[in-house]
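Student: Dumping the structure here so I can ask a few things about it.
The values are calculated or read from the model by the stated rules, or taken from the named source; none is laboratory data. These figures come from a predicted structure and were not determined experimentally. Cβ coordinates were reconstructed from backbone atoms using ideal geometry, including for glycine residues, and neighbour counts include every protein chain displayed. Remember, those area values only see protein heavy atoms, side chains included, never the ligands or the DNA or RNA. Shrake-Rupley method; radii C 1.70, N 1.55, O 1.52, S 1.80 Å.
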Amino acid sequence: MAAVDSPQADEGEPSEPSHPAGRAPERALYVPVRPCPSGFALRVFRSPLGDRTAVAFTTERRLSDVLGPGQPSVRLALPAVRALAAPLGVALVSVDPQLTAPAVRPGVPEGTAQLPPLPG
């Protein structure tokens, strides 16, 4: 299980650029996490079709509007979110989902939210 030490954003500057020359840097996203024995772990949700998905938000306000003001989060670039989700078998990352709802079918763990698909 992937974990991070703190749900607080790291404001330090990287020692090396995190993007190839000529490309814009990845913008850090707000990614919901949950407490676990080794610190914090990525929260995984379900899409309306039942697929497991990680979620990320472009602003802290959007995260809090969807998941509530007390939701712990970390700031990560999209490639880092994908890297944390991959060992969990999660290939989908939903950015700025707008709605959540309680699970509606048996077998979905309590606390797992249903997220709408992103507009294409």
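Student: Please name all residue pairs, on different chains or six or more residues apart, with Cβ atoms under 8 Å, provided the first residue is in the range 54-77 and is assigned to a helix (DSSP H, G or I) and the second residue is surrounded by fewer than 18 Cβ atoms within 10 Å (Cβ to Cβ).
Tutor: The qualifying pairs are Arg62/Asp96; Leu63/Gln71; Ser64/Gln71; Val66/Gln98; Val66/Leu99; Val66/Thr100; Leu67/Thr100.
Student: Now for a separate question. All but one of (1) open to solvent by 70 Å² or more (accessible area, probe 1.4 Å); (2) closer than 17 Å to Asp96 by Cα; (3) touching a strand residue (DSSP E or B) at 6+ places or on another chain (Cβ under 6 Å) hold for Arg61, so report the exception by its number.
Tutor: Exception for Arg61: condition (3).
Student: Shifting gears a bit: Surrounded by 14 or more Cβ atoms within 10 Å (Cβ to Cβ), modelled with pLDDT of 95 or more and farther than 13 Å from Pro32 by Cα, is that true of Arg82?
Tutor: yes
Student: Just checking, how many residues over the range 11-35 are at pLDDT below 90 and at negative phi?
Tutor: The total comes to 16.
Student: Can you name the residue in the range 43-58 that is hydroxyl-bearing (Ser, Thr, Tyr) and under 13 Å from Gln98 (Cα atoms) and, of all such residues, is surrounded by the most Cβ atoms within 10 Å (Cβ to Cβ)?
Tutor: Among them, the one singled out is Ser47.
Student: Moving on. How many residues does the range 37-53 hold that are part of a strand (DSSP E or B) and not charged (D, E, K, R)?
Tutor: 7
Student: Here is a follow-up. Take Ser47 and decide whether it is in contact (Cβ under 8 Å) with a residue 40 or more places away in the chain and of a type in the set (Ser, Thr, Tyr).
Tutor: Criteria met by Ser47.
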